[in-house]
């Protein structure tokens, strides 16, 4: 029986490879070999490697939305606890990673590709804005519940949380330990926002 080659299979394999070795170090041939797909198949699905980058960003973001949606809507937790839990879940996944090597695809590609492909930079920015919006909504709820000061700009705080988290992920990759992301949780949620 002839195998039907699926774009989603190529995107998932490519996402895994890019997370483990970076975009520029991941060749089309390696993706196709791991996906067990003939060489010509890649360009049947993607017009370029840039188009492929957009597809893996979309796949990654869809996974994050799937992760965050139940957390963000869990009304058994306070809004601030939901924000904290969303970062803790990401940290748990990061800790499973082999020696903290993967990080976040959005941060990784931002560093690697934002200056090379405008469409990729824009998609990364849209992804970060979507994440910021979700966190800012919860922070606004926390503010309305008087859990955080009324004079805090919740969008600015959400962006700062995400930027700090991305920086902690980078440090964790360099140090080969999840301690920087654990410190992020401790500082923001056990000290600054209490």
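Tabulated results
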item	result
Hits in the stretch 36-64 (condition: modelled with pLDDT under 95 and in a helix (DSSP H, G or I))	39, 40, 41, 42, 43, 44, 45, 49
Residue match in the stretch 35-50 (condition: under 28 Å from residue 146 (Cβ atoms) and surrounded by fewer than 14 Cβ atoms within 10 Å (Cβ to Cβ))	no
Filter result for residue 106 (in a helix (DSSP H, G or I) and either over 12 Å from the mean Cα position of the chain (by Cα) or more than 21 Å from residue 190 (Cα to Cα) (or both))	yes
Scan of the stretch 141-172 for residues that are in contact (Cβ under 8 Å) with a residue 24 or more places away in the chain, farther than 14 Å from residue 87 by Cα and within 26 Å of the chain's Cα centre (by Cα), ordered by number	141, 142, 148, 170, 172
Residue list for the stretch 109-159, restricted to those being out of contact with any helix residue (DSSP H, G or I) (no Cβ under 6 Å at 6 or more places or on another chain), within 30 Å of residue 22 (Cβ to Cβ) and part of a loop (DSSP other than H, G, I, E, B)	115, 116
When residues of the stretch 173-193 are limited to those that are in contact (Cβ under 8 Å) with a residue 40 or more places away in the chain and within 14 Å of residue 103 (Cβ to Cβ), the one surrounded by the most Cβ atoms within 10 Å (Cβ to Cβ)	181
Residue 29 vs. criteria exposed (fewer than 15 other Cβ atoms within 10 Å of the Cβ), in contact with a helix residue (DSSP H, G or I) (Cβ under 8 Å, 6 or more places away or on another chain) and farther than 30 Å from residue 177 by Cα	yes
Contacts under 8 angstrom Cβ, first residue in the stretch 1-21 being modelled with pLDDT under 90, partner surrounded by fewer than 13 Cβ atoms within 10 Å (Cβ to Cβ) and not in a helix (DSSP H, G or I), 6 or more apart	3/36; 5/38
Count of the stretch 112-137 residues which are farther than 18 Å from residue 72 by Cβ, without any contact (Cβ under 8 Å) to a residue 24 or more places away in the chain and surrounded by 15 or more Cβ atoms within 10 Å (Cβ to Cβ)	1
Residues of the stretch 1-35 classified as outside any helix (DSSP H, G or I) and under 22 Å from residue 169 (Cβ atoms), total	5
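The values are calculated or read from the model by the stated rules, or taken from the named source; none is laboratory data. Given the structure is predicted, the values throughout are model-derived calculations rather than measurements. Note that we place each Cβ from the backbone using ideal geometry, even for glycine, and neighbour counts take in every protein chain shown.
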